[in-house]
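Undergrad: The structure that follows is given in the form of structure tokens.
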Amino acid sequence: MTGSLEQRWRNLGMAAGAVTAGLFAVFDLYQWALAYSGDRFHNDFTFYYAAARIGLAHGWASIYDLNLQQIELDTMGSRITIAQLARYISPPPVAWSALPMTLLPYTAAYWAWSALLVVALVVTWRLASPGHGRWRLIHLAAAIGWLPVIYGLQLGQPGIVVALGVATCYALLRADRPFWAGIALGALALKPQLAFLVPAALLVSGRTRAFWGSVVALGALGLASAIALGPSGVAAYEARLSFAASVPVNRELTLAPLIGSLAVTRVIQGAIALWALVLVYRLRRRGAEWIFIPALVGGLLASPYLHLDDLAMLGLAAWLYLRTSPRGRTLGFTFAVIVAVEGLPIWGPVPVLAAEVAILVFFSITPHGVPRPPQNDVPPAAPRLTPEPRARPDTQPAPPRRD
């Protein structure tokens, strides 16, 4: 009887979650279509497309030239004027990613790009979301119905591809393919501020092969970018980044507005990054998820600038946390964090920042409360009833490899 009642409550919860997530997903997709119909150029993909065309026509060193950007935007008929938040400042790999889209007219290119981002979201869901069966479908609908994700899709932001790179790294670590796990982090080159602590987290957790894989991937992309831009292009890129860092709206979701002094903020953010890596080290034996959760949360707190769509990385951290089978009040807190991000346009960033700090504090003061990996992931040692005979030197088993 008790089991039947518990199953009924579980089914009721699943039904309520499915309806809620489905309604939010449908509403958000409608808002996406509405925004596009109002102004099809009002998105970040417009600038990626323009930068790719500039690179083809004038060379990659010219993609940060604001005059050429304005000319390209006018040629496209976008009616966009270069402004503080209306300019291409992304790393060169973003423009390179948009290169195939320049073979298409802008409208077709936007929807082809959007389709690729949706595919990236679905693959990320497959690799990182918890549960199984219908529960996982609810997680997918909830992701589409969550404000940071749908906003990123609407803008054409590559943050979802960064999330895919991190999720792929996680999956390959679990599959015992550490070097390729690190290679997957090459996606960080598209938006480094979203997960810049993850390579360092691999190192401090002892996953050295994965760390060197990330060094190879990111180093190759960085070197290719520097060669493609040349000295003048690198100088222009640095100027654009410096300007972006000075724009207040780019820091609204960081600690900077609360602290005031930018220099003090950078010191505190550096301390937070170190704090997150210490947590990774302390939790390194608890499962692959714990390489990424503190690194993602701490990295967002330590990021120099963020926008609403970038907080989708908190959703990835939440999925990985739910995979550790947490119990009790921590589930409620996880849901509260998701709601805090959803309502950010209403009550501002303070609840989200407070929640991120609270996550790190919780993992710091209750390390023994962090769920361990499922027992079936680590086979128990067979009981020794009698002393084992010593093996001959030529038959000694090789020591286990530690990455």
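The values are calculated or read from the model by the stated rules, or taken from the named source; none is laboratory data. Values in this document were obtained by computation on a predicted structure and should not be read as measured data. Neighbour counts are summed over all protein chains in view; Cβ atoms, including those assigned to glycine, are modelled from backbone coordinates with ideal geometry. Just the protein is used for accessible areas: all its heavy atoms, side chains included, with ligands, DNA and RNA removed. Shrake-Rupley method; radii C 1.70, N 1.55, O 1.52, S 1.80 Å.
Undergrad: Within segment 248-339, considering only helices (runs of 4 or more DSSP H) that don't extend past its boundaries, which have at least 1 residues that are open to solvent by 30 Å² or more (accessible area, probe 1.4 Å)?
TA: By residue number, 256-259, 262-282, 312-322.
Undergrad: Among the residues of segment 31-64, write down those that are closer than 16 Å to Pro105 by Cβ and either acidic (Asp, Glu) or over 28 Å from the mean Cα position of the chain (by Cα) (or both).
TA: Result: Leu56, single match.
Undergrad: Right, another one. For the subset of segment 27-45 comprising residues that are assigned to a helix (DSSP H, G or I) and without any contact (Cβ under 8 Å) to a residue 40 or more places away in the chain, which member is nearest to Gly145 (Cα to Cα)?
TA: Tyr30
Undergrad: Another question, if that's okay. Can Val278 be described as over 23 Å from the mean Cα position of the chain (by Cα) and either at negative phi or of a type outside the set (S, T, N, Q) (or both)?
TA: Criteria not met by Val278.
Undergrad: Regarding segment 135-157, can at least one residue be identified that is part of a helix (DSSP H, G or I), within 22 Å of Arg284 (Cα to Cα) and open to solvent by less than 20 Å² (accessible area, probe 1.4 Å)?
TA: no
Undergrad: Right, here's the next one. Would you mention how many residues in segment 60-80 are in contact (Cβ under 8 Å) with a residue 60 or more places away in the chain and surrounded by fewer than 21 Cβ atoms within 10 Å (Cβ to Cβ)?
TA: 3
Undergrad: Kindly list the number of the only condition in (1) within 28 Å of Ser246 (Cα to Cα); (2) open to solvent by less than 60 Å² (accessible area, probe 1.4 Å); (3) modelled with pLDDT under 95 that fails for Pro92.
TA: Against the list (1) within 28 Å of Ser246 (Cα to Cα); (2) open to solvent by less than 60 Å² (accessible area, probe 1.4 Å); (3) modelled with pLDDT under 95, Pro92 comes up short only on (3).
Conditions (1) in contact (Cβ under 8 Å) with a residue 12 or more places away in the chain; (2) among the small types (Gly, Ala, Ser), marked per residue:
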| residue | (1), (2) |
| --- | --- |
| Ala115 | no, yes |
| Ala120 | yes, yes |
| Gly131 | yes, yes |
| Ile138 | yes, no |
| Gln157 | yes, no |
| Arg174 | yes, no |
| Ala201 | yes, yes |
| Arg207 | yes, no |
| Ala210 | yes, yes |
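Undergrad: Do we have any residue at all in segment 97-109 that's at positive phi, open to solvent by 20 Å² or more (accessible area, probe 1.4 Å), over 17 Å from the mean Cα position of the chain (by Cα) and not aromatic (Phe, Trp, Tyr)?
TA: no
Undergrad: Still on this structure, I have one more. In segment 340-350, what residues are in a helix (DSSP H, G or I) and either buried (at least 18 other Cβ atoms within 10 Å of the Cβ) or in contact (Cβ under 8 Å) with a residue 60 or more places away in the chain (or both)?
TA: The answer is Ala340, Val341, Glu342, Leu344, Pro345, Val350.
Undergrad: How about segment 123-134: which of its residues are modelled with pLDDT of 85 or more and part of a loop (DSSP other than H, G, I, E, B)?
TA: Ser129, Pro130
Undergrad: Next up: Using the structure shown, decide if Ile259 is closer than 17 Å to Cys169 by Cα and among the β-branched types (Val, Ile, Thr).
TA: Considered against the rule, which asks whether it is closer than 17 Å to Cys169 by Cα and among the β-branched types (Val, Ile, Thr), Ile259 comes out as no.
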